[in-house]
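Reading through the structure tokens given below for one structure.
The values are calculated or read from the model by the stated rules, or taken from the named source; none is laboratory data. Computed from a predicted model, the values in this text were never measured in an experiment. Every residue, glycine as well, gets a Cβ built from its backbone with ideal geometry; the counts of neighbours run over all protein chains shown.
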Amino acid sequence: MIHLQIDLNQAMEFDAGQFVMIQVPGVAGFRGWSMVNYQRHAETLNFVVKKKPGGGISEWLFNNQCEGVEVELFGPLGRATFYPSLAKNILCIAGGSGIAGMMSILSRAAQDGYFTQYKGDVFFGVQTMKDAFFLHEFSQLRAQCGDKLNITIALSREDAPASALADYPQLAFDKGFVHEVAGRHMQDRYQNVRAYLAGPPPMVDAAVRILLQARLTTDNICYDKFS
């Protein structure tokens, strides 16, 4: 996983949760990446990119000196967006690099003091602690937003080590697939909720099933599924 920043030729307006399509020199086609950051009139876009064996753009990023290279952008795109006027509790379920768009949503919500009035529940799924990232940023958000924002790291292959509990006391940890962990923690807590999902398609599909079984309406389940 790498953190990537793209400096724009001109400022871009985008909504929290959106993505752009990116094309790099020498690689055919575009790849969709969700923005991590949120600023009005953004002059830079931040991303997290997971190394995908055989992926053209992924291989290019990880195997080349990319600093200063000009890339082509198309966007912003995407409907899984957040606005402070939403007036609902927020549920975010993300796997791996799918957390990127959620960070943009949380950033805007925190900037607007959204969690002084509404609740937020974030479930971030990775396989092991060594795969986890943004833990420091999550802790800062939790400290900034208070008890109405709860963040749980779901580890599918191991229990959280004692060192993680000590290093990140603001966060919760649980074992299991992220959609299953979210389902357990959110039981009977879906009143006035808007859910945002992102991650591998099987994870998104499984999360949608859990939310529909919990009687969350389809207009309150938001995702842009990438294959």
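When the residues of region 37-71 are filtered to those that are in contact with a helix residue (DSSP H, G or I) (Cβ under 8 Å, 6 or more places away or on another chain), crowded, with 17+ Cβ neighbours inside 10 Å and not aliphatic (A, V, I, L, M), the one that is nearest to Gln5 (Cα to Cα) is Phe47.
In summary, Ala154 fulfils each of the numbered conditions (1) surrounded by fewer than 20 Cβ atoms within 10 Å (Cβ to Cβ); (2) part of a strand (DSSP E or B) with the single exception of condition (1).
Residues in region 72-125 that are more than 13 Å from the chain's Cα centre (by Cα), surrounded by 14 or more Cβ atoms within 10 Å (Cβ to Cβ) and either modelled with pLDDT under 95 or within 16 Å of Phe47 (Cβ to Cβ) (or both): Leu73, Gly75, Pro76, Gly78. Taking the criterion of being of a type in the set (A, V, I, L, M) and assigned to a loop (DSSP other than H, G, I, E, B), the residues of region 35-53 that qualify are Met35, Val36.
Before we move on, is Arg194 touching a residue at least 24 places away in the same chain (Cβ under 8 Å), assigned by TED's automatic domain parsing to the domain that holds Gln117 and loosely packed, with under 13 Cβ neighbours inside 10 Å? Spelling it out, it is not the case that Arg194 is touching a residue at least 24 places away in the same chain (Cβ under 8 Å), assigned by TED's automatic domain parsing to the domain that holds Gln117 and loosely packed, with under 13 Cβ neighbours inside 10 Å. When Leu73 is tested against (1) in a helix (DSSP H, G or I); (2) in contact (Cβ under 8 Å) with a residue 60 or more places away in the chain; (3) not basic (Lys, Arg), only condition (1) is not met. Scanning region 161-177 for residues that are touching a Leu at 6+ places or on another chain (Cβ under 9 Å) and aliphatic (A, V, I, L, M) yields Ala164, Leu165, Leu171. Scanning region 59-68 for residues that are at pLDDT below 95 and assigned to a strand (DSSP E or B) turns up nothing.
One line per residue, one yes/no per condition, for (1) of a type outside the set (Phe, Trp, Tyr); (2) within 26 Å of Leu86 (Cα to Cα):
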| site | (1), (2) |
| --- | --- |
| Ala143 | yes, yes |
| Thr152 | yes, yes |
| Leu165 | yes, no |
| Tyr168 | no, no |
| Lys175 | yes, no |
| His179 | yes, yes |
| Met186 | yes, yes |
| Leu197 | yes, yes |
| Asp205 | yes, yes |
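Summed over region 77-110, the residues that are of a type in the set (S, T, N, Q), more than 28 Å from Leu155 (Cβ to Cβ) and assigned to a helix (DSSP H, G or I) give a count of 1. Go through (1) surrounded by 22 or more Cβ atoms within 10 Å (Cβ to Cβ); (2) within 12 Å of the chain's Cα centre (by Cα) one by one and return the number of the condition Phe133 breaks. (1) is the only condition that Phe133 fails. Filter region 18-33 down to the residues that are assigned to a strand (DSSP E or B), within 20 Å of the chain's Cα centre (by Cα) and either modelled with pLDDT of 90 or more or farther than 25 Å from Ile105 by Cα (or both) and list them by number. Passing the criteria: Phe19, Val20, Met21, Ile22, Gly32, Trp33.
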